[in-house]
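Here's the structure we're looking at; comments come further down.
The values are calculated or read from the model by the stated rules, or taken from the named source; none is laboratory data. Given the structure is predicted, the values throughout are model-derived calculations rather than measurements. Here Cβ is always computed from backbone atoms with ideal geometry, including for glycine, and neighbour counts include all displayed protein chains. Keep in mind that these areas ignore ligands, DNA and RNA; they rest on the heavy atoms of the full protein, side chains included. Shrake-Rupley method; radii C 1.70, N 1.55, O 1.52, S 1.80 Å.
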Amino acid sequence: MRIHPDPLRLRPIPADRQFDRAAAAVPGAWRTLPGTLPQAASWAEPNDTAVRLDDGRVLLAGGEDGRRTALFASMVYDVPTGVGTPIAGRMQTPRRLHTVTKLRDGKVLVTGGVTGAAATPARGINSVELFDPAVGGGAWRPVASMNEPRFSHSATLLTDGSVLVAGGCSARSADTDRALRSAEIYNPATNTWTTVKPMTDIRFGHNAIALTGGKVLVIGGVITIGRGQYAALGYCEIFTPGATPDKGTWAPTASLRTPRKGHQATVLKDGSVLVTGGDVITRSYSSIIDPYSLKSCERFRLDANGVGTWTADADMPWGVSQHRAVALPNSGKVLVIGGTDSGVFDVGYSDTILYTPGAAGAAGTWTIAANMAVGRWAMAAVGLPDDQVFVAGGISRSGAAAPVFGESALTSTAEVYTP
């Protein structure tokens, strides 16, 4: 069914997007935590902007407000008590569309992003800072800057403790931006950045997954195709670290069966990678492309010879973009949380669904889980012990559904899922 995606029209839901929720099982439960964030915030792609510290607390850093202004705010959240405490020494630079990566020593590296009020084109920054939870309850300090400004890039912890930063976007001119293919590695021991071989293609808003054996799989994302025009990528590639940072190599691997952006990628217990949802349309509306988010899923496997393959997996009950997917290590399942629909991006979903992998490489199954108290997308989500999951913030309403035109309604609430 094809529907012209006129943003001012109410879109009927195609038959294959409808689902009988009343007949579904509802495992698990969500508990709303008593405290709230000091400031409502959201975290768009990339979504690795919250981490669990070694002492069990969750660090939330930066993000954006309802007008897409970058935030200074950072806080640590004690999940058992539901208390979020602002960090006294705020980040050196307000930032959104940045990355947050926990290092081997428990410190946290924050790279790049966009600072200041929303503007077109967005301009990436190259500043980097480090959070040390052991200093006076937590403190930020600047460290060496990246070689290239970037936002919506990826940052992946490598097996040797260094961090691979790849791709992203930045301004091309006064009124256009460009996707990047450059990459660089940060060495925490020497506080230095080394430029490495560039990716084989430009991309931003992609996933970068550390595979068994130390390689990094880069999945999908976005490319610029003109002024204000973006398209999803199906192309994937793998980074293989070398003896020294500059000796690392990139090589193409199997492409996604469907190009996607706004999707999620999650490592399963067997080392394969599950990709869920996302969307494919360009920013311009098209009468020949389905405007709805994808419900399709795919699974990546790398064989002993280093050959990668993508296979179709079971569809989710409905399409979703800008959701979160968190692996549950005890059960081996994946919890897909909230999100929205790319047809309008107006309302955050409260739905959550559970993926159970199939045996011996077979397709998995989906089960509807308990609903969150608050619908949200572009939120923070972090796995906790005993397969619990913490979520906080996010966008509850935007676009035509927002109470103020041009300003998204954010939530400052936090919730915990227990299986």
Exercise. Expressed as a rounded percentage, what relative contact order does the stretch 103-159 have, with Cα pairs under 8 Å and six or more residues apart?
Worked result: 34 percent
For this session: With springs only between Cα atoms under 10 Å apart, run a GNM on the chain and tell me which of Gly136, Gly205, Gly56 wobbles the most.
Result: Gly136
For this session: Pairs of Cα atoms under 8 Å, at least six residues apart: use those to get the relative contact order of the chain, whole percent.
Result: 15 percent
Seminar exercise, completed: For the stretch 141-225 the mean separation of alpha carbon contacts under 8 Å (6+ apart) over residue count, i.e. relative contact order in percent, is 27 percent
Problem set entry | Ratio of Rg to Rh over the stretch 51-102 (Cα coordinates, Kirkwood Rh, two decimals) | 0.99
Exercise. So, with a 1.4 angstrom probe, what is the percent of accessible area on the chain that is carbon and sulfur?
Worked result: 54 percent
Seminar exercise, completed: Scalar couplings 3J(HN,Hα) for the stretch 327-337 by Karplus 6.51 cos²θ - 1.76 cosθ + 1.60 (θ = phi - 60°), nearest whole Hz, x for Gly and Pro, are 6, 9, x, 5, 8, x, 8, 10, 9, 9, 10
Exercise. Among Val347, Val336, Val83, which one shows the biggest mean-square fluctuation in a GNM of the chain, springs joining Cα atoms closer than 10 Å?
Worked result: Val83
For this session: Name the most mobile residue of Val26, Val307, Val165, meaning the one with the largest mean-square fluctuation, in a Gaussian network model of the chain with Cα contacts below 10 Å.
Result: Val307
Exercise. What's the center-to-center distance, using Cα atoms, between the stretch 199-227 and the stretch 395-412 in Å?
Worked result: 30 Å
Exercise. Dipole size in debye (nearest 20) for the stretch 234-350 around its Cα centre, Lys and Arg Cβ +1, Asp and Glu Cβ -1?
Worked result: 160 debye
Seminar exercise, completed: Residue-ordered couplings for the stretch 192-199, obtained by feeding phi - 60° into the Karplus form 6.51 cos²θ - 1.76 cosθ + 1.60 and rounding to whole Hz (Gly and Pro as x), are 9, 10, 10, 5, 10, 4, x, 4
For this session: Would you kindly derive the ³J(HN,Hα) couplings of the stretch 110-118 from the backbone phi angles with the Karplus curve 6.51 cos²θ - 1.76 cosθ + 1.60 (θ = phi - 60°), listing them in order in whole Hz, with x for Gly and Pro?
Result: 10, 10, x, x, 10, 10, x, 6, 4
Exercise. Which values of log₁₀ I(q)/I(0), to two decimal places, follow from the Debye formula for the stretch 156-230 at q = 0.16, 0.17, 0.27 Å⁻¹ with a uniform point scatterer at every Cα?
Worked result: -0.63, -0.70, -1.25
Problem set entry | In nm, spacing of pseudo-spin labels at Ala134 and Ala363 (7 Å Cα→C-beta vector) | 5.0 nm
For this session: Give Lys102/Lys295; Lys107/Lys269; Lys102/Lys261 a once-over and call out the pairs whose C-alpha atoms are over 29 Å from each other.
Result: Lys102/Lys295
Seminar exercise, completed: Along the dipole axis of the stretch 198-275 (charges at Cβ: +1 for Lys and Arg, -1 for Asp and Glu; origin at the Cα centre), the most positive-end residue among Val218, Gly262, Leu274 is Gly262
Problem set entry | Viscosity 1.306 mPa s, temperature 10 °C, Stokes-Einstein D of the stretch 275-419 from Kirkwood C-alpha radius, µm²/s | 97 µm²/s
Exercise. Once fully extended, how much extra length lies between Thr190 and Ala401, figured as 0.36 nm per residue of separation less the alpha-carbon to alpha-carbon distance?
Worked result: 71.1 nm
For this session: Straight distance only, please: which lysines reach the Cα of Lys247 with their own Cα at less than 20 Å, same-chain residues fewer than 8 apart left out?
Result: Lys197, Lys215
Seminar exercise, completed: In nanometres, the difference between 0.36 nm per residue of separation and the alpha-carbon distance of Val26 and Lys269 is 85.1 nm
For this session: Find the accessible area per residue for the chain; the probe is 1.4 Å, ligands and nucleic acids are left out, and the unit is Å².
Result: 40 Å²
